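Here's the structure, in structure tokens; my notes come after.
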Amino acid sequence: MELKIMVICALTVSCMLAHGKEESSEMKSNTDSNLLIGWSSKDITPKGKVNLAGQMYMRITDKVKDPITATALAISSEETGDSVIFVSCDISTTNAPLIDASREMIKKMSKHFPVEKLVVNATHTHTAPDFRDGIYDYSTLSAEDSERLLFPKENMIFIAEKIAEVAVES
């Protein structure tokens with residue numbers, strides 16, 4: 001499913017990039033246009049105990065049934081120099097702090113990366129680590145559940161780092 005969505009996005013963006021300077025909505029063939037397409041995928045499964053986001057109650061686990069990933073698709077037009085980078089993550093949702101943190105990390109990794117062209121989406125799984133502060137009350141956890149638990153801020157930094165890595169690699 002994730003691959004189908006990325007292919008549809010790639011086709012849409014490639015049409016926009018190839019014909020971005022056209023004033024009319026009518027598509028015209030341009031055989032001189034060259035698109036550069038790259039992709040990368042990374043495992044973003046945390047190494048430790050986490051609370052799984054996606055329910056109204058906390059679910060603490062250190063077991064992994066299936067890994068979660070971040071997959072990036074980069075598309076650039078050699079003709080216009082325009083580009084876009086899509087990153088799809090197996091997480092419950094995205095938010096501004098996660099995207100902002102990813103962009104800041106990308107700036108440190110690559111001076112020429114167009115961070116304003118980064119688009120991050122979530123596959124909306126209910127079995128990914130919680131990375132949003134204030135959603136769950138962690139003070140109610142037992143000492144056993146709290147021991148070695150990766151809290152939302154730690155998960156957010158880890159996921160943002162992986163988003164940055166996969167985006168730059170694409």
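The values are calculated or read from the model by the stated rules, or taken from the named source; none is laboratory data. Note that this is a predicted model, so its numbers are computed, not measured. Backbone-built Cβ (ideal geometry, glycine too); neighbour counts: all protein chains shown. These area figures cover heavy atoms from the full protein model, side chains too; ligands, DNA and RNA do not enter into them. Shrake-Rupley method; radii C 1.70, N 1.55, O 1.52, S 1.80 Å.
Looking at the range 76-123, the accessible area is 50 square angstrom per residue; that uses a 1.4 Å probe and ignores ligands, DNA and RNA. Using 27 Å as the Cα-Cα cut-off, could you pick out the over-long pairs in Lys49/Lys108; Lys65/Lys117; Lys42/Lys117; Lys42/Lys65? In this structure, Lys49/Lys108; Lys65/Lys117 exceed 27 Å between Cα atoms. Each peptide in 102-113, 124-135, 152-163 gets a packing score, the mean of other Cβ atoms within 10 Å over its residues, and the list from highest to lowest is 152-163, 124-135, 102-113. Can you send over the carbon and sulfur percentage of the accessible area for the range 99-170, probe radius 1.4 Å, protein chains only? Looking at the range 99-170 in its full context, I get 51 percent from C and S.
Placing +1 on the Cβ of every Lys and Arg and -1 on the Cβ of every Asp and Glu, with no other charges, gives the range 52-165 a dipole of roughly 80 debye about its Cα centre.
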